[in-house]
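Structure first, then comments.
Please treat every number below as a calculation from the coordinates, not as lab data. What you are looking at is a predicted structure, and each value in this text was computed from that prediction instead of being measured. Every residue, glycine as well, gets a Cβ built from its backbone with ideal geometry; the counts of neighbours run over all protein chains shown.
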């Protein structure tokens, strides 16, 4: 066997997807740490940080950075967090590109599309740095469209197609990261960035699990597929509510009070104002701009959503246990209890950074458990060369 054949045997799409999923989980948790430590605008430019590939380190560089960005003085303890997060996200992008190539292997026309998409993404970043924003956007759209076209045309089962399509998600996720900075933590963008990261993680997990699962579900397990899909939808909505809560700085809108809110079961709320998705540009949303009733509405909606998701997923875990998927049922149950405990702890303890970060991590872990459940109750993919 040649060295190239051995390498292809060892570096399979399933293994690349597994490594990328683990890496994506780390990026999600570290990103939550960055956001919750108020470091999201610590690098006022993108993808550089005060014009540096890393961040200013010497006194002269720091003085130059402060002169260039007088409204955003350099803070070492925050800037490194944001830029390291970008570096980790860039590394994840390379892994996803490798997965897309591996998934479309031997399909020369599709590999060409992936190559052009990668080049377009790189050109888009270069043009953005040169402040050619409109042209940068055109190249970024090309970088998103081409992997989707390649995935649609790929003559292989769903996991391989997803392995190509996730490249488009990562490119769009990079754009959301850029807009997070340039639009000054606009809540809908921050929430979208969180959802994009979790979607990337979910798709990579799906590919890794689907390409390695060979056991067919029992009839009882197969019958739960619709219920699992509904569970994923409910969890996605709840994660979006959590992202909206965080992006609008509404986590402590009820003070340290739980299960009541500011001493009342239903305090003054403004749901209309609290859920306006798009507001004007040019506003700095760091610290939040909503009044107390609007933030209270967001927090209460998040709590109600948590109750709905908890009850539904607890029921689903019970059904899974009866269908013979006891390990998955236990995992979902344990993660549910941990997530609710962390959510209550965030309120009662005043949003400590370790607890708030763990709250994001357990949400991702719960998402993984449901993806694993979906794979388990679905027929395994047929092999394809």
In a Debye calculation with equal point scatterers on the alpha-carbon sites of the stretch 322-385 and no solvent, what is log10 I(q)/I(0) at q = 0.12, 0.15, 0.19, 0.20 Å⁻¹? -0.42, -0.57, -0.74, -0.78
For a paramagnetic label modelled at 7 Å from the Cα of residue 119 toward its Cβ, which residues of the stretch 94-113 fall within the zone defined by backbone nitrogen distances under 17 Å? 101, 108-113
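For the stretch 157-245, what is one quarter of the convex hull surface built on the Cα atoms, given in nm²?
Numbers: hull surface 26.3 nm².
Approximately 6.6 nm², given one-decimal rounding.
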List residues of the stretch 8-45, by number, whose backbone nitrogen lies under 13 Å from a label position 7 Å along Cα→C-beta of residue 106. 9
Take the Cα pairs of the stretch 25-116, get the Kirkwood Rh, then feed it into Stokes-Einstein at 4 °C and 1.567 mPa s and tell me D in µm²/s. 86 µm²/s
Report the residue, chosen from 193, 302, 272, that carries the largest GNM mean-square fluctuation when the chain is represented by alpha-carbon nodes joined by springs under 10 Å. 272
Most mobile listed residue (95, 290, 41) in the chain, GNM with C-alpha springs under 10 Å: 290
Given N residues in the stretch 216-385, what is its alpha carbon radius of gyration divided by 2.2 N^0.38 Å? 1.19
Cα Rg, Dmax, the chain, angstrom units: 22.1, 72
How big is the C-alpha Rg of the stretch 91-181 next to the rule-of-thumb value 2.2 N^0.38 Å, as a ratio? 1.06
If I build a Gaussian network model for the chain, linking alpha-carbon pairs within less than 10 angstrom, which residue out of 285, 206, 133 has the largest mean-square fluctuation? 133
Report the FRET efficiency, 1/(1 + (r/R0)^6), for residue 134 and residue 284, where r is their Cβ-Cβ distance and R0 is 22 Å, rounded to 0.05. 0.35
Would you please give the FRET efficiency between residue 182 and residue 237, computed as 1/(1 + (r/R0)^6) with r the Cβ-Cβ distance and R0 = 35 Å, to the nearest 0.05? 0.80
Whole angstrom only: what separates the Cα centroid of the stretch 321-385 from the Cα centroid of the stretch 94-156? 32 Å
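Please report, in cubic angstrom per residue, the volume enclosed by the convex hull of the alpha-carbon atoms of the stretch 10-212.
Numbers: hull volume 23.9 nm³, N = 203.
Per residue, the Cα convex hull of the stretch 10-212 comes to 118 Å³.
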